[in-house]
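Engineer: Submitted below is the structure of interest, expressed as structure tokens.
The values are calculated or read from the model by the stated rules, or taken from the named source; none is laboratory data. These numbers were taken from a predicted model, which means no experiment stands behind them. So basically every Cβ, Gly included, is an ideal-geometry build from the backbone, and we count neighbours across all protein chains shown.
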Amino acid sequence: MNIQILGAFAAVALLAACSSSETAKPEPVANPVKGIVPGSQEDLVANVGDRIFFDFDKATVKGTGAKTAANMTTLDKQAAWLAQWKQNNVQIAGNADERGTSEYNIALAAKRATASRDYLVAKGVAATRISTISYGKDRPVALGSNEEAWAQNRNAITSVR
Amino acid sequence: MNHAPSASIALGMALAVILAPAAWAEPGSDAHVPARPSEPPPSLETTLERLRQLNRANQPAPVAGSDQTGRLDRAEQDRIADQLRGGWTYDAGAARNARMTVTLLLTLDADGNIRSASIDPADQPHLSDPAYRAFAERALRAATNPRVGPLRLPKDKIFDGAQLRVRFRP
Amino acid sequence: MTDLLSMPLRRRGLVAASTALLAAPALWTRPAHAQGTTATGSAVIDVDRARTDPIPVAIPVFVGAGGDTERLGRDIAGVITNNLARSGLFRPIDPAAFIGRTDGGATPNFQNWKAIGAQALVTGKIDSQGGDKVRVEFRLWDVLPGLQIQGTAYTTTLGNWRRIAHIISDVIYERMLGEKGYFDTRVVYIAGSGPRDRRVKRLAIMDQDSENNRFLTDGGFLALTPRFHPTRDQIAFMSYVNDKPRVYLFDLGTGRQQMLGNFPGITLSPRFAPDGNSVIMAQTTASGSDIYLVGLGGGARRLTDSGAIDVSPCFSPDGTQIVFNSDRGGDQQLYVMGADGSGSKRISFGRGRYATPVWSPRGDLIAFTRQSSDTFAIGVMRPDGSGERILSESFFCEAPTWAPNGRVLMFYRETAARDSRGNGYSSRLVSIDIAGFNERAIATPTDASDPAWSPLLQ
């Protein structure tokens, strides 16, 4: 779970770095962190960005504010990374914040995982390499009860399987 | 035999026996569980008929003009309602209670105490509904609670056997 | 029916049969009366503005005959007292106020019980029948007229004493209130422990009064949203076993769990059909989730295909209709459709999002969770959506479940974390009367959520 929390911060850092860039062709990212094996889960988290974020009660990659661009950037980089590391299969887990009922949140978070997967498939990743799961609100990454925590928990997280 | 079963129910894990009322003997008897008459349990119809007879026997004889309700002025009626309201409770969450009413006939003694209370015959057919029965019993408890005390009425409107008609509603 | 038709203050009414024998079927309907006169024109004094006070009841310890029976007598009276008190509809009188004693069987001295304000009196005695067999006898007395109104003896084994106490509680409840009780029931729920980001969620079961708690799964996988079979010792729930979230059936007798159906998507939000032969549940799709009826013996039928999230279906008790949750109109609302999926119609129109609809066993109400901007609430509405009433509101609450008599709702409530490490978060079970009073915390050994009330035990 430490990995996921690290991932959240890494993703935020990437958003800041990439928010205005228009990279049409994602390129493999050089490994800036010492000790991380390229193509590993740690590589995905630290150097690619393992998650995208959703608006409240929404399950589209497109979101409000800078979210759309940030999400597309992250997923584009994931697609490129998956193209590079063809032996990697991934699971995308959809999650929801605590401000919703349990059953609906499972279905909503499943839709988020599907949205993320569909984007990657559209970018050329084989659908057979991607599985999805939904945890509803049962696997939050941020444990606070505030807007900031909820925003982090409305996500779809990609991990190497 | 101490206990006279009139019905038994298999509960799977336990045998349940419906106990006949303990009090077939005279009130005040100190028998632990009074023995019940040895006759077989009465059928429902026999029981009902017996109770109808008992009921007739227990009802105060209808005296012409004993119903004083119409002779009371509004203030007197309100005062009695206030006295009876003290112990009047109902179950607000029961499915149909909010729409129920029950009319009681109260029979007074010469001091204005409620000597007995009975359910208006017009309401009695509803007593087979357990929810209505529970509602009506709470009205009876409100009326017969000793804490009600003598009803505050002018002396000229009270006499032994005077009756009042009182309708309880939520 | 002397106790009903005439309730004299003198004790002449003692010669009466148990009223339990006397019920004759009749519909209760009555004309509206004009104020001040009866239908026949007689003058009448109206006594209205009834209070909703609980019925004062005295429950002295059941009288034992030495050995285990003494302890049992105290314990059974204690369980009955606790049940009746927690219902909010009875007020057990403090035994310290009792005058004199009861021998457990004979006609009580009613003056002693009247004097302390008791309207009902429960007496009982326990005899050993040899081995571990006991005979538990109880009587319910209407104190003011001085009448026995119920009496039952149970022969059972010592180990069954709690159930006997619950059954007696149900008999008292039903006789005094005219509605079935709910004390001889259990609650299955999800026990939560550990930090929220790696929360352990186990299936657990306990008696409705929090006793006999048992954990049914070991926490190796997430367990969610259990529901009781209407007659069998079986639970449908959502399990993440093998990282494959699906609806499973759990057998309480054997402890075995078995996946229900074979679906490519995630299956969730199961509820048994009233006949117990099938489960209605949702399966996730690319665009949301659809509702399926899945036979316990095989076979599945899709009932909705809206392209939205259709989830949390629940049958009406007569099995003719289904209420469910859908965001097909833009946000979460409640819809009712026929049992075959036809004619769906939105029923929730208040402010906010509506979720987790559950049809009352009485059929008259649908309980729900309502989500407004800052708060969650548990409420009820009629099946046509009218008469909405909110019963409880807080930072977070959801998932109401009905007591089998349709009188009490249980749900769970979460508190907000007060810091970024999740401190201050809790999840607890709560019950509330559908009249909106008597809210009570339900004790559980750990955090708890997703309660489901069993039917009355067989």
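Engineer: Restricting attention to segment A:41-72, report how many residues are among the aromatic types (Phe, Trp, Tyr) and either over 18 Å from A:ALA115 (Cα atoms) or surrounded by 17 or more Cβ atoms within 10 Å (Cβ to Cβ) (or both).
Structural biologist: Number satisfying all stated conditions: 2.
Engineer: Tell me which residues, restricted to segment A:97-155, are among the basic types (Lys, Arg), more than 21 Å from C:PRO357 (Cα to Cα) and touching a helix residue (DSSP H, G or I) at 6+ places or on another chain (Cβ under 9 Å).
Structural biologist: A:ARG117, A:LYS123, A:ARG129, A:ARG139, A:ARG154
Engineer: Filter segment B:102-122 down to the residues that are buried (at least 23 other Cβ atoms within 10 Å of the Cβ) and of a type outside the set (A, V, I, L, M, F, W, C), then identify the one that is farthest from the other protein chains (Cβ to nearest Cβ).
Structural biologist: Ranking the qualifying residues of segment B:102-122, first place goes to B:THR103.
Engineer: When you go through C:ASP209, C:ASP170, C:ASP197 one by one, which is the residue that is assigned to a loop (DSSP other than H, G, I, E, B), surrounded by fewer than 24 Cβ atoms within 10 Å (Cβ to Cβ) and acidic (Asp, Glu)? It would help to see each step written out before you state the result.
Structural biologist: Values: C:ASP170 fails: assigned to a loop (DSSP other than H, G, I, E, B); C:ASP197 fails: assigned to a loop (DSSP other than H, G, I, E, B).
That would be C:ASP209, the only listed residue that is assigned to a loop (DSSP other than H, G, I, E, B), surrounded by fewer than 24 Cβ atoms within 10 Å (Cβ to Cβ) and acidic (Asp, Glu).
Engineer: Where in segment C:282-383 are there strands (runs of 3 or more DSSP E), lying wholly inside it, with at least 3 residues that are of a type in the set (A, V, I, L, M, F, W, C)?
Structural biologist: Hits in segment C:282-383: C:288-295, C:310-315, C:321-326, C:333-338, C:353-359, C:366-371, C:376-381.
Engineer: In segment C:183-195, is there at least one residue being of a type outside the set (Lys, Arg) and closer than 21 Å to B:ALA131 by Cα?
Structural biologist: Yes - at least one qualifying residue is present in segment C:183-195.
Engineer: Among the residues of segment C:39-81, which ones are in contact (Cβ under 8 Å) with a residue 12 or more places away in the chain and part of a loop (DSSP other than H, G, I, E, B)?
Structural biologist: C:THR52, C:ASP53, C:PRO54, C:ILE59, C:PRO60, C:VAL61, C:PHE62, C:GLY64, C:ALA65, C:GLY66, C:GLY67
Engineer: Looking at segment A:72-81, can you tell me whether even one residue there is under 15 Å from A:ALA151 (Cβ atoms) and either part of a loop (DSSP other than H, G, I, E, B) or charged (D, E, K, R) (or both)?
Structural biologist: No, every residue in segment A:72-81 fails to be under 15 Å from A:ALA151 (Cβ atoms) and either part of a loop (DSSP other than H, G, I, E, B) or charged (D, E, K, R) (or both).
Engineer: When you check B:ALA94 against the structure, is it touching a residue at least 24 places away in the same chain (Cβ under 8 Å) and either more than 9 Å from chain C (Cβ to nearest Cβ) or surrounded by fewer than 18 Cβ atoms within 10 Å (Cβ to Cβ) (or both), yes or no?
Structural biologist: Spelling it out, it is not the case that B:ALA94 is touching a residue at least 24 places away in the same chain (Cβ under 8 Å) and either more than 9 Å from chain C (Cβ to nearest Cβ) or surrounded by fewer than 18 Cβ atoms within 10 Å (Cβ to Cβ) (or both).
Engineer: Also: Could you list, in sequence order, all residues of segment C:419-458 that are over 16 Å from the mean Cα position of the chain (by Cα), more than 8 Å from every other protein chain (Cβ to nearest Cβ) and touching a residue at least 60 places away in the same chain (Cβ under 8 Å)?
Structural biologist: C:SER427, C:THR444, C:PRO445, C:THR446, C:ASP447, C:ALA448
Engineer: Shifting gears a bit: Please state which one of C:GLY159, C:GLY100 is within 10 Å of chain B (Cβ to nearest Cβ), surrounded by fewer than 19 Cβ atoms within 10 Å (Cβ to Cβ), out of contact with any strand residue (DSSP E or B) (no Cβ under 8 Å at 6 or more places or on another chain) and not aliphatic (A, V, I, L, M).
Structural biologist: C:GLY159
Engineer: Restricting attention to segment A:86-113, which residues are assigned to a helix (DSSP H, G or I) and either out of contact with any strand residue (DSSP E or B) (no Cβ under 6 Å at 6 or more places or on another chain) or among the charged types (D, E, K, R) (or both)?
Structural biologist: Scanning segment A:86-113 gives A:SER102, A:GLU103, A:ASN105, A:LEU108, A:LYS111, A:ARG112.
Engineer: Taking the conditions exactly as written (within 27 Å of B:TYR132 (Cβ to Cβ) and touching a residue at least 60 places away in the same chain (Cβ under 8 Å)), does C:LEU177 satisfy them or not?
Structural biologist: Numbers: within 27 Å of B:TYR132 (Cβ to Cβ): yes; touching a residue at least 60 places away in the same chain (Cβ under 8 Å): yes.
So C:LEU177 fits the description; yes.
Engineer: Same structure, new question: Can you report the number of residues in segment C:332-375 which are of a type in the set (A, V, I, L, M) and more than 14 Å from chain A (Cβ to nearest Cβ)?
Structural biologist: 6
Engineer: Could you grab the pairs with beta carbons closer than 8 Å, sequence gap of 6+ or different chains, first residue in segment C:87-107 and among the basic types (Lys, Arg), second one modelled with pLDDT of 90 or more?
Structural biologist: From segment C:87-107, the pairs are C:ARG91/C:ASP53; C:ARG91/C:PRO54; C:ARG91/C:ILE55; C:ARG91/C:PRO56; C:ARG91/C:VAL57; C:ARG91/C:ALA85; C:ARG101/C:PRO60.
Engineer: Another one. Going by what's in this entry, would C:PRO313 be described as within 21 Å of C:ALA399 (Cα to Cα) and more than 14 Å from chain A (Cβ to nearest Cβ)?
Structural biologist: Taking the combined requirement at face value, the residue does not satisfy it.
Engineer: Now for a separate question. For segment C:388-418, how many residues meet the condition of being assigned to a loop (DSSP other than H, G, I, E, B) and within 13 Å of another protein chain (Cβ to nearest Cβ)? Quick ask: steps written out before the conclusion?
Structural biologist: Residues of segment C:388-418 that are assigned to a loop (DSSP other than H, G, I, E, B), as a first pass: C:388, C:395, C:403-407, C:416-418.
Remaining after also requiring within 13 Å of another protein chain (Cβ to nearest Cβ): C:395, C:403, C:405-407, C:416-418.
Number satisfying all stated conditions: 8.
Engineer: Then there is this: Which residues, counting only those in segment C:45-59, are farther than 9 Å from C:PRO92 by Cβ and touching a helix residue (DSSP H, G or I) at 6+ places or on another chain (Cβ under 7 Å)?
Structural biologist: The answer is C:ILE45, C:ASP46, C:VAL47, C:ARG49, C:ILE55.
Engineer: Take the residues in segment C:214-240 that are among the aliphatic types (A, V, I, L, M) and assigned to a loop (DSSP other than H, G, I, E, B); name whichever of them is surrounded by the fewest Cβ atoms within 10 Å (Cβ to Cβ). Outline the logic, then answer.
Structural biologist: Just the residues of segment C:214-240 that are among the aliphatic types (A, V, I, L, M), to begin with: C:216, C:222-224, C:235-236, C:238.
Applying the additional criterion that residues be assigned to a loop (DSSP other than H, G, I, E, B) yields C:216, C:222.
Numbers: C:LEU216: 18, C:LEU222: 21.
Here the residue is C:LEU216.
Engineer: Let me ask you something else. Within segment A:77-121, work out how many residues are more than 16 Å from the chain's Cα centre (by Cα) and either hydrophobic (A, V, I, L, M, F, W, C) or within 14 Å of another protein chain (Cβ to nearest Cβ) (or both).
Structural biologist: Number satisfying all stated conditions: 12.
Engineer: So if I check each of C:GLY329, C:GLY295, C:GLY276, which one is at pLDDT 95 or above, among the small types (Gly, Ala, Ser) and over 28 Å from the mean Cα position of the chain (by Cα)? First the steps, then the outcome.
Structural biologist: Numbers: C:GLY295 fails: over 28 Å from the mean Cα position of the chain (by Cα); C:GLY276 fails: over 28 Å from the mean Cα position of the chain (by Cα).
Within the list C:GLY329, C:GLY295, C:GLY276, the selection yields C:GLY329.
Engineer: Give the residue, chosen from C:ARG139, C:ARG175, C:ARG135, that is in a helix (DSSP H, G or I) and either within 30 Å of B:VAL148 (Cβ to Cβ) or touching a strand residue (DSSP E or B) at 6+ places or on another chain (Cβ under 7 Å) (or both).
Structural biologist: The match here is C:ARG175.
Engineer: Please work out if C:ASN242 is at pLDDT below 95 and assigned by TED's automatic domain parsing to the domain that holds C:ILE205.
Structural biologist: yes
Conditions (1) without any contact (Cβ under 8 Å) to a residue 12 or more places away in the chain; (2) aromatic (Phe, Trp, Tyr); (3) over 25 Å from C:LEU457 (Cα atoms), marked per residue:
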| residue | (1), (2), (3) |
| --- | --- |
| C:PRO230 | no, no, no |
| C:ARG246 | no, no, yes |
| C:THR254 | yes, no, no |
| C:LEU260 | no, no, no |
| C:GLY265 | no, no, yes |
| C:THR284 | no, no, yes |
